[in-house]
Amino acid sequence: MPPSWFTAALADQPREVVVDVAGCPIHYCDWGDRGSPGLVLIHGGAAHAHWWDFLAPLFTYHWRVVALDLSGHGDSGRRAAYSPEAWAAEVTAVARHAAFPGPPVVVGHSLGGLVAIQTALDHCADLAGVVLVEAAIRRPDPTVAEGDRGRLLRYPGTYATLEEAVEHFRLVPEQPDIPSYILDHISHHSLRRTDEGWTWKFDPAAFTRPRIDMAQRLAAVRCRLALIYGARSALLTADTAAYMSGLMGGRAPVIPIAEAHHHLVLDQPLAFVAALRALLTDWEHSAPRAGADGGPPATRRR
């Protein structure tokens, strides 16, 4: 039986909107009052906007929240090629379309965090801050090769029935401790029906991009930054968090969520909400760095 907070959050259904971005339809969900400050949520790789359905309503006490499907994901369209720059343009286009009263805060999980870095790099003046959630940027190590994770996303299966497809739903990377009611919700929103059967909504081509030095890009960001990660994450360890802290100038908040793994928005949702709400209450402790010329920061406060 789902807890009352979960069912109440799902009952607060979002407005669903589609906006054209460079010829591709981009779908987003929209919660909260139109005059409230903006909070933009970006999902991880192979995920979708509905990962945030049971979290976004917990921020509408103060924020207007939008969660988009990046191109090649969820209910958005597909592109001939994907890049962090194109996805960052989608984030800012959605923010403009939402017409927030001021610059929004962008929150990105996993791949969404890497997109958030690119958004901050390309559109810093349009943002009030960026929160990276389990967006791992590791120390350079030439001995590390790509594992099974990327290959799994490039060869999605097709199944005769919805029920069979849901049974094959797996998180990448896999992890324990995800409540069944959360998995049921996100898995049903992850599938689409085709002539051949039921398959996943994401475009496998989105995972054939060349490797990019995101460390250099993070170090160049001048927006207000923060990092939230799972204390039990196999992808973003304490050492990786320390490395990223250095890239962010050593002044950005770095917040571990106790007992959380990589998909911490699923296994520790309320702890994540509490941490993010506390962070958003006061950004003074994470002032943005000076501009490249030594002058004032390029970003504005909310």
### Residues whose placed amide H lies under 5 Å from that of Leu227, excluding near-sequence neighbours
Leu132, Val254, Ile255
### Summary
For the chain, the longest principal axis of the Cα atoms and the Cα long axis of helix 238-247 enclose an angle in degrees, to the nearest 10, of 50
### Query
What percent antiparallel are the DSSP beta bridges of the chain, to the nearest 5?
40
### Summary
Residue-ordered couplings for the range 70-77, obtained by feeding phi - 60° into the Karplus form 6.51 cos²θ - 1.76 cosθ + 1.60 and rounding to whole Hz (Gly and Pro as x), are 4, 4, x, 9, x, 9, 8, x
### Query
So what is the accessible area of the chain per residue, in Å², with the probe set to 1.4 Å?
43
## Note on the structure
Row for the range 1-71, column shape: gyration tensor on C-alpha, a ≥ b ≥ c, rounded if a/c < 1.5 i.e. under 1.5, prolate if a/b over b/c, else oblate; value oblate
### Task
For an R0 of 30 angstrom, estimate the FRET efficiency from the Cβ-Cβ distance between Tyr181 and Thr161 and round to the nearest 0.05.
0.90
## Note on the structure
The extension gain from Ala220 to Arg138, computed as 0.36 nm times the residue separation minus the Cα-Cα distance, is 27.9 nm
### Summary
So Glu85 and Asp20, fully extended at 0.36 nm per residue minus their Cα-Cα distance, gain in nm 21.8 nm
### Listed residues Arg15, Arg78, Arg222, most fluctuating in the chain (Gaussian network, C-alpha, under 10 Å)
Arg15
### Query
Can you give the charge dipole size of the chain about its Cα centre, rounded to the nearest 20 debye, using +1 on the beta carbon of Lys and Arg and -1 on the beta carbon of Asp and Glu?
960
### Summary
Cα convex hull volume per residue for the chain, in Å³, equals 132
### Message
With a 1.4 Å probe and all protein chains left in place, how much of the accessible area of the chain comes from carbon and sulfur atoms, in whole percent?
### Response
52
## Note on the structure
Applying the gyration tensor rule to the Cα atoms of the range 160-216 (axes a ≥ b ≥ c; rounded if a/c under 1.5, else prolate if a/b exceeds b/c, else oblate), the class is oblate
### Task
Relative to the longest principal axis of the C-alpha atoms of the chain, give the angle of the C-alpha long axis of helix 269-281, reported between 0 and 90° and rounded to the nearest 10°.
30
### Message
Over the chain, what is the relative contact order in percent, taking alpha-carbon pairs closer than 8 angstrom and at least six residues apart?
### Response
17
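The values are calculated or read from the model by the stated rules, or taken from the named source; none is laboratory data. On a predicted model such as this, the values are computed, not experimentally measured, just so you know. Here the Cβ is made from the backbone with ideal geometry for all residues, glycine too, and neighbour counts use every protein chain on show. Just the protein is used for accessible areas: all its heavy atoms, side chains included, with ligands, DNA and RNA removed. Shrake-Rupley method; radii C 1.70, N 1.55, O 1.52, S 1.80 Å.
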